[in-house]
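Some notes on the structure that comes next.
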Amino acid sequence: MKSTLILALFALGLVQTSCNSNKITQSKNEVKMELTNKEKVVALLNSFNTGDQTPISYINPEKYIQHNLAVGDGLAGFGEVMKNAPEGGFKANVVRAFQDGEYVIAHTEYDFFGPKAAFDVFRFENGKIVEHWDNLSEVTPPNPSGRTQFDGTTEITDLGKTASNKKVVETLMNEVFLNGKMDNLATLINPTKYIQHNSAVADGLDGLGAALKYFAENDMVMKYTKVHKILGEGNFVLTMSEGNFGKAPGDYVAYYDLFRLENNQIVEHWDVIQPIPEESSWKNQNGKF
């Protein structure tokens, strides 16, 4: 695969992108075609489908901090993954993308060693990607309400309410998920409009309650221990957290939860839960968060 090889060689520092070949042309193109950071992320992920080499130049080759613990640090680690791509390469469909300051968040459907649901978070400095986090899980069947891990609203609205929407989600995480206080649950989450995309949970607060009851009856633990980031734009807010999920005390996971809000209440939810491996297996030492 020619495109995969070129990506890998670039990542290993063996070839250069064309963006440095002609400074005058580059300057003209920057004026005419400067992309937002969000557009750069979408183009980078879409390059899995097209083989376009240009988006690789959006990554800072001197500073690329990797938090996917199965991938080595820097562009060399990225290149190593690309060299091991299956026949036909990887595929990516960006379903949602939004931006919070220097961070860009993508909700993506991958064909990455099999169908995957994922959230990717990229941090930029001076227009270049310098850091990456993600959470991936297998694609699962529709939930009891017939919803998938990807469908639902995609339009970004209420840009003027970003801060207040993030505050609603922060309150939910602190009061409900970290401290188990359910008093404000029906205020924070709209009980009649709550749409759920977790494959095991039905719509509404009744669906959430039934799932929690099932976990309790089957000795399954669902515990959040720390919220690391709350990122949002308008009506979409993503949280990155860690905790426990499963029957064994050692079932340590990363929780990525995406919420959509209307009128100061949460009305839709998507998530990806991924086990955090033992440190002995990590391919970088940057940690999951």
Does residue 108 count as within 18 Å of residue 232 (Cα to Cα), out of contact with any strand residue (DSSP E or B) (no Cβ under 9 Å at 6 or more places or on another chain) and touching a residue at least 12 places away in the same chain (Cβ under 8 Å)? no
Do you know which of the residues in the stretch 88-105 that are part of a loop (DSSP other than H, G, I, E, B) and modelled with pLDDT of 95 or more is surrounded by the fewest Cβ atoms within 10 Å (Cβ to Cβ)? 101
Of everything in the stretch 141-175, what is part of a loop (DSSP other than H, G, I, E, B), among the small types (Gly, Ala, Ser) and either exposed (fewer than 15 other Cβ atoms within 10 Å of the Cβ) or in contact with a Pro (Cβ under 8 Å, 6 or more places away or on another chain) (or both)? Give them in sequence order. 145, 146
With respect to residue 263, is the statement that it is under 19 Å from residue 165 (Cβ atoms) and out of contact with any strand residue (DSSP E or B) (no Cβ under 7 Å at 6 or more places or on another chain) true? yes
Report yes if residue 81 is assigned to a loop (DSSP other than H, G, I, E, B) and either under 28 Å from residue 258 (Cα atoms) or basic (Lys, Arg) (or both), otherwise no. no
Pairs needed: first member in the stretch 41-69, in the same structural domain as residue 90 (by TED's automatic domain parsing); second member anywhere, assigned to a helix (DSSP H, G or I) and hydroxyl-bearing (Ser, Thr, Tyr); C-beta distance under 7 Å; at least 6 residues apart or different chains. 44/58; 51/3; 55/47
Restricting the stretch 39-56 to residues that are surrounded by fewer than 18 Cβ atoms within 10 Å (Cβ to Cβ) and not β-branched (Val, Ile, Thr), the one nearest to residue 125 (Cα to Cα) turns out to be 39
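The values are calculated or read from the model by the stated rules, or taken from the named source; none is laboratory data. Nothing here was measured: the structure is a model prediction, and the numbers come from that model. As a convention, Cβ positions derive from the backbone with ideal geometry for all residues, glycine included, and neighbour counts pool all protein chains shown.
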